[in-house]
Amino acid sequence: MTEVKIWQWGLIIASSLVLFLLSPLAKDTNQFFKAVQKKKVPNTFMLMGSLIISWIFAKSITNAANLGLDFGIVGGVAYAGYYLSFAVAGIVIYKMRLHGNYTSIHHFLSSKFGKTAVTVFSVLIAIRLFNEVWSNTMVIGSYFGPVGTGSYYWSILVFTGLTLAYVLKGGMSSSIFTDIIQMGLFSILLTVILFAIFGKDTTTMTVAEVANSGVWSFEMGLNLLFAALLQSFSYPFHDPVLTDRGFLSSPKVTLTSFLWASVLGALCIILFSTIGVYAQSQGMQGQAAVEVCKALGVVILLVINFIMITSAASTLDSTFSSFSKLMTLDLKFGKSLKFGRWSMVAIAVLGTIPVFLNAEILSATTISGTMVIGLTPVFLFWKGKASKISFHLSVFSGIFFGFLLIFNWFPKALIFTTGKHADLLWINFWGISFCLLVYLIPTWIKK
């Protein structure tokens, strides 16, 4: 084993052990599922930091860097478009809590659309959580060896197991607490990388070069930007990692945290995409972050490794916590902390299986985002009158458009731009329009 590999393994094991030792031990359901510690809920800073780092996961960092490589800074801005989701979710959840007195997303759906709607919605978010496990751990594996090698698979299994260990200890309390540590580390490490890229060396870049690195056209990134903005009106509501945090603190603290997270999260993604822009300027090919690691030396390799570890761990522990809450509190399959902890073990095992099937990382975001566009009218018009059938017509229409994207069955005549992600943009545009229509039709008929 090379010296670099030893350092990489050391980072995974040491960071996980430290987080395990520091994580609070949850002794009741309020601590385990709602992050209540000493009768206190998360404040604005804690909630904002947790939101940002739980979404700046390993796969999003990888995607941002690769999009910077493909499209320049426009690619980073395009991917940052998904962070409008925080603002949308923050405003909607704030109003739902203030004017509807809802205590969770499931409470809202059950009250307005009934138990069947809750079941359908729960299946959707379970798929989302399932995808979060493999799509993030695969990124970790890529830093330890090529896909298919022993080091690739072992790093994923060890990382998943160690993360599971500390979140089993405290549930949501562990997740929120460690998120703050991970956010602080992420900020420091991102600063180190930016100094390396924008330093005084002849191979580094200037801010002006980054700003002019892309072309603002549909073919060069705007397809993805507009698709991301469209998906932001439904995407956040199928992510319990995000929505669960919308009901932990007071409505005012929650709204403030979500709005700040929207701005700062997008900024972090844009800054990280400069890694890809740098790779583009140096004529690199392949996975941007990995190639830049090789070019900038062992120290930057370990820094980026550590960023991936901290960001992936924060998302993974949040995923385990949210799945546990879904099974225990929302769907009421069990009531005890023991059941909640076993639920975490179950999603960890099931979510690791696709690692051995060579799934595509970016598809976990783009395809799942299209599958849930039917949630757009459900939450944007949460206060308006709607029949139970409206929910199902809209949601299943969204799933139908998702399958059109997967199998490339969408009519080319309805795609009005060219380039990569053109189909993604127009399937989402026409799909959301159709979902809005079928959601409203039953109400119009009743009138």
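The values are calculated or read from the model by the stated rules, or taken from the named source; none is laboratory data. If you're wondering where the values come from, they're calculated on a predicted model, not measured in any experiment. Methodologically, a virtual Cβ is constructed for each residue, glycine included, from the backbone with ideal geometry; neighbour enumeration extends over all protein chains shown.
Being at pLDDT 95 or above and either in a helix (DSSP H, G or I) or small (G, A, S) (or both) holds for only one residue in F434, F403, F416, and it is F434. Quick check on the stretch 302-321. Is at least one of its residues in a loop (DSSP other than H, G, I, E, B) and closer than 20 Å to H238 by Cα? Within the stretch 302-321 (the criterion being in a loop (DSSP other than H, G, I, E, B) and closer than 20 Å to H238 by Cα), the answer is no, since none of the residues qualifies. Among the conditions (1) free of Cβ contacts under 8 Å to residues at least 12 places away in the same chain; (2) within 30 Å of K294 (Cα to Cα), S110 misses just one, which is (2).
Can S394 be described as under 30 Å from G161 (Cα atoms) and either part of a loop (DSSP other than H, G, I, E, B) or touching a helix residue (DSSP H, G or I) at 6+ places or on another chain (Cβ under 9 Å) (or both)?
On the way: under 30 Å from G161 (Cα atoms): no; either part of a loop (DSSP other than H, G, I, E, B) or touching a helix residue (DSSP H, G or I) at 6+ places or on another chain (Cβ under 9 Å) (or both): yes.
Considered against the rule, which asks whether it is under 30 Å from G161 (Cα atoms) and either part of a loop (DSSP other than H, G, I, E, B) or touching a helix residue (DSSP H, G or I) at 6+ places or on another chain (Cβ under 9 Å) (or both), S394 comes out as no.
Output yes when any residue across the stretch 352-372 is at pLDDT below 95, farther than 30 Å from G141 by Cβ, exposed (fewer than 15 other Cβ atoms within 10 Å of the Cβ) and among the hydrophobic types (A, V, I, L, M, F, W, C), and no when none is. No: the stretch 352-372 contains no residue that is at pLDDT below 95, farther than 30 Å from G141 by Cβ, exposed (fewer than 15 other Cβ atoms within 10 Å of the Cβ) and among the hydrophobic types (A, V, I, L, M, F, W, C). Can you name every residue in the stretch 1-29 that is aromatic (F, W, Y) and either more than 18 Å from T149 (Cα to Cα) or touching a Pro at 6+ places or on another chain (Cβ under 8 Å) (or both)? W7, F20, listed by residue number.
For the stretch 83-109, residues that are of a type in the set (S, T, Y) and closer than 13 Å to V263 by Cα total 2. For first residues located in the stretch 196-219 and among the acidic types (D, E), partners that are at pLDDT 85 or above and surrounded by 13 or more Cβ atoms within 10 Å (Cβ to Cβ) and lie 6+ apart or on another chain with Cβ distances below 6 Å form the pairs E219/G419.
Could you run through the stretch 310-331 and say how many residues are crowded, with 24+ Cβ neighbours inside 10 Å and among the aliphatic types (A, V, I, L, M)? Going through the stretch 310-331 one residue at a time, the tally reaches 3.
State whether the residues of the stretch 112-127 include one that is among the β-branched types (V, I, T), modelled with pLDDT of 90 or more and within 17 Å of the chain's Cα centre (by Cα). Within the stretch 112-127, one or more residues are among the β-branched types (V, I, T), modelled with pLDDT of 90 or more and within 17 Å of the chain's Cα centre (by Cα).
Suppose we keep only residues that are modelled with pLDDT under 85 and either of a type in the set (A, V, I, L, M, F, W, C) or assigned to a loop (DSSP other than H, G, I, E, B) (or both) within the stretch 7-48. Which one would you say is surrounded by the most Cβ atoms within 10 Å (Cβ to Cβ)? Filtering the stretch 7-48 for residues that are modelled with pLDDT under 85 and either of a type in the set (A, V, I, L, M, F, W, C) or assigned to a loop (DSSP other than H, G, I, E, B) (or both), the one surrounded by the most Cβ atoms within 10 Å (Cβ to Cβ) comes out as W7.
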